[in-house]
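Everything on this sheet refers to the single structure shown next.
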Amino acid sequence: MTKYKICVYAICKNEEKFIERWYKSIKEADYIVVLDTGSTDNSIKKFKELGIKYKTKIINPWRFDIARNESLKLIPKDTDICICLDLDEVMQPGWKNELLKLWNNDITRIKYLYNWKLDENNRPLISFYANKIHKNKYYKWIHPVHEILSTNINENIIQTDKIIINHYPDNNKSRSSYLKLLELSVKDDPNDDRNMHYLGREYMYYKKWNKCIDTLIKHLNLKSSTWKDERAASMRYIARSYIALKRYEEAKMWYELAIKEAPYLKEAYIELMLLYYNLNKYKEAIKYGIKSLKIKNDNLTYINEIFSKDETVDDILSICYYYIGNKKEGLKHIKKALRINPNNKRIIENKKFFE
């Protein structure tokens with residue numbers, strides 16, 4: 001096995017509670033470097049205790065791409081493979097052997113399995129392939145937020161399920177800067193479909209319903225907007241905004257468009273089911289719930305929603321069947337829901353009620 005040198009690099013601000021766990025997962029790396037962007041907690045002290053090479057630099061005005069590009073400068077010149085690993089991420093054991101087994105001089109980047117959200121038992125809820133393992137010297141980061149790697153070379157990207165990174169986010173950490181940074185990103189490059197989609201989604205998070213609708217329609221009209229999964233997600237977010245505005249017919253139309261755009265994805269069927277359920281239209285809700293259950297493929301993208309994998313569909317179907325007087329079918333879906341999540345107390349009570 002050729003001995004390639006590996007460097008894990010990161011940016012940090014006030015991450016002391018994550019540093020030790022992060023370090024333990026990657027201490028086999030040849031080099032570990034961190035750019036600290038102004039920590040006021042014990043992060044620096046932790047780096048010193050663990051022997052992690054660090055540099056402090058304040059980035060003002062703040063942009064994630066600038067910070068990450070500064071962190072790239074800390075990587076030793078003889079590094080072959082770079083791994084960008086945030087402090088709230090953990091590499092699963094065996095990663096180094098697998099990486100060295102896979103790597104050769106022709107590879108430029110590796111896609112690995114990224115568990116973005118896990119339950120309390122560490123079981124993945126949302127997973128997709130991420131690609132922040134890359135060849136040294138040929139890449140830079142672009143975009144103020146939701147930054148990505150960019151290169152001028154012809155890429156040779158391989159994919160593996162044997163390198164796994166888990167994400168354990170700090171839910172108390174403010175992400176209030178994201179909206180302004182996304183607005184800046186779209187201003188910098190109004191033809192970037194990815195950031196236009198993210199900006200529309202951010203407006204939805206902030207309940208700026210009309211801005212969400214207008215921005216996501218712009219996303220759908222961009223020539224570069226060709227990824228059907230993301231287009232369907234934009235349509236679903238437009239529908240959610242119309243629901244918030246109590247314009248239900250327009251919401252239904254956009255859900256139908258999302259289904260037409262990506263009929264292989266469950267999410268639009270389920271959201272339309274939920275809309276009909278909330279409108280007390282139980283037969284229509286059943287129709288879309290059943291359609292979602294017929295989709296067996298499990299796409300691994302960041303677009304996936306938790307409700308497409310948990311007990312939501314069977315739970316709602318059981319209630320809808322109850323209201324149309326088909327208790328036998330309702331009980332069947334309650335049992336299915338409990339097989340997915342046996343700890344859901346409300347569904348347990350519903351089962352007793354049905355029986």
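Things to note:
- Across the chain, the mean sequence separation of Cα contacts (distance under 8 Å, 6 or more residues apart), normalised by length, yields a relative contact order of 11 percent.
- Each residue, Asp119 and Asp310, gets one label point 7 Å from its Cα in the Cβ direction; the gap between the two is 0.9 nm.
- Distance between the 7 Å Cα→Cβ label points at Leu300 and Lys352: 4.1 nm.
- Rounded to the nearest 10 degrees, the angle from helix 345-354 to the longest Cα principal axis of the chain is 20 degrees.
- Among the protein heavy atoms of the stretch 83-127, carbon and sulfur supply 43% of the accessible surface, probe 1.4 Å, non-protein parts ignored.
- Shape of the stretch 19-125, Cα gyration tensor, a/c cut at 1.5: oblate
- Reciprocal mean inverse distance between Cα atoms of the chain - Kirkwood radius, Å: 22.7 Å
- Pairs of Cα atoms in the stretch 286-342 fall into 5 Å distance bins, from 0 up to the last occupied one, in shares of 4, 19, 28, 24, 14, 7, 3, 1 percent.
- The Cα atoms of the stretch 233-275 define a convex hull whose projected area, averaged across directions, is 2.4 nm².
- The portion of the accessible surface of the stretch 193-321 made up by carbon and sulfur, rounded to a whole percent, is 53 (1.4 Å probe; DNA, RNA and ligands excluded).
- Distant-in-sequence amide H partners of Ser127 (H built 1.01 Å from N, under 5 Å): Trp116
- By average C-beta atoms within 10 angstrom, highest first, the peptides 116-128, 237-249: 237-249, 116-128
- Of interest is the spacing of the C-alpha centroids, which for the stretch 28-58 and the stretch 61-107 amounts to 15 Å.
- Gain on full stretching of the segment that runs from Asp161 to Thr226 - 0.36 nm per residue minus C-alpha separation: 20.8 nm
- Cα principal axis extents for the stretch 211-355, largest first, Å: 54, 32, 22
- Long pairs among Lys207/Lys266; Lys132/Lys260; Lys45/Lys132; Lys180/Lys296; Lys77/Lys187, criterion Cα-Cα beyond 30 Å: Lys132/Lys260; Lys180/Lys296; Lys77/Lys187
- Mean Cβ count within 10 Å, highest first, over the residues of peptides 314-324, 265-275: 265-275, 314-324
- Residues of the stretch 169-262: accessible area per residue with a 1.4 Å probe, Å²: 53 Å²
- With Cα atoms, 0 to 90° folded angle of helix 312-323 axis to the chain main axis: 10 degrees
- Listed residues Ser150, Ser176, Ser225, most fluctuating in the chain (Gaussian network, C-alpha, under 10 Å): Ser176
- Share antiparallel - DSSP beta bridges, the chain, percent rounded to 5: 45 percent
The values are calculated or read from the model by the stated rules, or taken from the named source; none is laboratory data. As the structure is a computational prediction, the values presented were derived from the model and not from experiment. All Cβ positions, glycine included, derive from the backbone under ideal geometry; neighbour counts span all protein chains shown. Heads up: the accessible areas ignore ligands, DNA and RNA and are worked out on the full protein's heavy atoms, side chains in. Shrake-Rupley method; radii C 1.70, N 1.55, O 1.52, S 1.80 Å.
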